[in-house]
Amino acid sequence: MNVSQEWTIGEKKVTPRVLVVEDEPHIRELVCLHLGLEGYACDGVGDGQDALKRTESERFDLLVLDVMIPSLDGLSLCRAVRGGRTNHDVPILMLTARREESDKVLGLESGADDYLTKPFGVRELVARARALLRRPRVAATAARPVNGANGDEVGPPIRVHGVEIDPARRRVRIEGRDVDLTDQEFRLLYLLASHAGIVFSREALLSRIWRGDTFVTVRSVDTLVKRLRRRVENDPARPRFLLTVWGVGYKFADV
């Protein structure tokens with residue numbers, strides 16, 4: 001069934017635009033077909049450099065990106081998009097034929113929001129795309145992120161599993177109660193909660209939370225997670241929100 005998907009920005013109705021970057025024509029056409037049936041305006045390209053030019057000149061609401069594409073690989077394209085201006089905050093769903101957890105983590109560290117391993121089911125692809133498109137995106141209102149008190153750009157408020165996080169006000173509420181957090185605790189919680197279900201390695205968290213501080217190690221991540229659990233979990237020994245993925249890192253509970 002074709003379900004029309006439209007967003008209202010001001011008084012203008014906008015159909016979400018999706019760019020599918022996949023060099024295998026039959027996969028590209030299949031993905032575009034089913035996203036089109038969902039009511040999305042879908043464009044497909046098979047070359048990394050062509051995709052980069054499109055993302056630098058046109059605004060998209062979702063990128064579906066294969067890792068193995070010619071001229072510019074998916075990981076490099078993902079990093080380039082994140083470092084650009086036009087689509088720096090676009091949700092990115094990465095497709096990969098590699099099943100190793102380390103390859104998936106590498107994709108997430110390059111800036112992807114979610115991943116699917118080939119071969120994948122069309123229904124799962126559509127569900128993940130729909131979930132990413134539902135996430136609040138500051139740019140959807142044609143506004144860049146505002147600056148917080150410490151000068152950092154902050155994203156939109158989020159609510160997941162009864163946890164409410166407002167980065168502009170630096171406020172956290174869990175099931176109706178206010179929770180006071182340090183700056184590091186807040187940034188860690190917001191990063192994980194805004195990517196619920198996505199696994200972050202300790203190295204990735206270290207680089208994002210400590211921002212290049214050379215006097216910390218990956219064990220500092222474990223310590224910070226333990227401290228944060230004591231503040232946000234009813235039973236830190238049996239966490240509901242901040243979950244350990246053994247041998248890899250941490251994630252926020254899946255939506």
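No value in this document is a laboratory result; all are computed from the given coordinates. All values derive from a computational prediction rather than experimental measurement. Positions of Cβ are backbone-derived with ideal geometry, glycine not excepted, and every protein chain shown enters the neighbour counts.
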Exercise for the section: Tell me which residues come under 5 Å, amide H to amide H, from L65 once H is placed; ignore anything under 5 positions away on its chain. Expected result: V21, L93, M94, L95
Completion exercise
Going residue by residue through the range 33-38, the Karplus relation 6.51 cos²θ - 1.76 cosθ + 1.60 with θ = phi - 60° gives ³J(HN,Hα) values, rounded to whole Hz and with x marking Gly or Pro, of 4, 6, 5, x, 5, 7
Exercise for the section: For the range 198-210, just list the computed ³J(HN,Hα) in residue order, Karplus coefficients 6.51, -1.76 and 1.60, θ = phi - 60°, integers in Hz, with x standing in for Gly and Pro. Expected result: 8, 8, 10, 5, 4, 5, 5, 5, 4, 6, 7, 8, 8
Completion exercise
The local net charge around A237, scoring Lys/Arg +1 and Asp/Glu -1 for residues other than A237 whose Cβ lies under 15 Å from its Cβ, equals +4
Problem - Taking E24, E185 and counting other C-beta atoms within 10 Å, the order from fewest to most - result: E24, E185
Exercise for the section: Using the number of other C-beta atoms within 10 angstrom as an exposure proxy, rank V255, V199 with the fewest first. Expected result: V255, V199
Handout entry: Spacing of the two label points (7 Å from each Cα toward its C-beta) at D178 and S71, in nm
Key = 5.4
Handout entry: Where labels lie 7 Å past Cα in the beta-carbon direction, separation of H161 and L37 in nm
Key = 3.3
Practice task
When you have a sec, figure out the Kirkwood radius of the range 178-249 from all distinct Cα pair distances and drop it here in Å to one decimal?
Solution key: 12.5
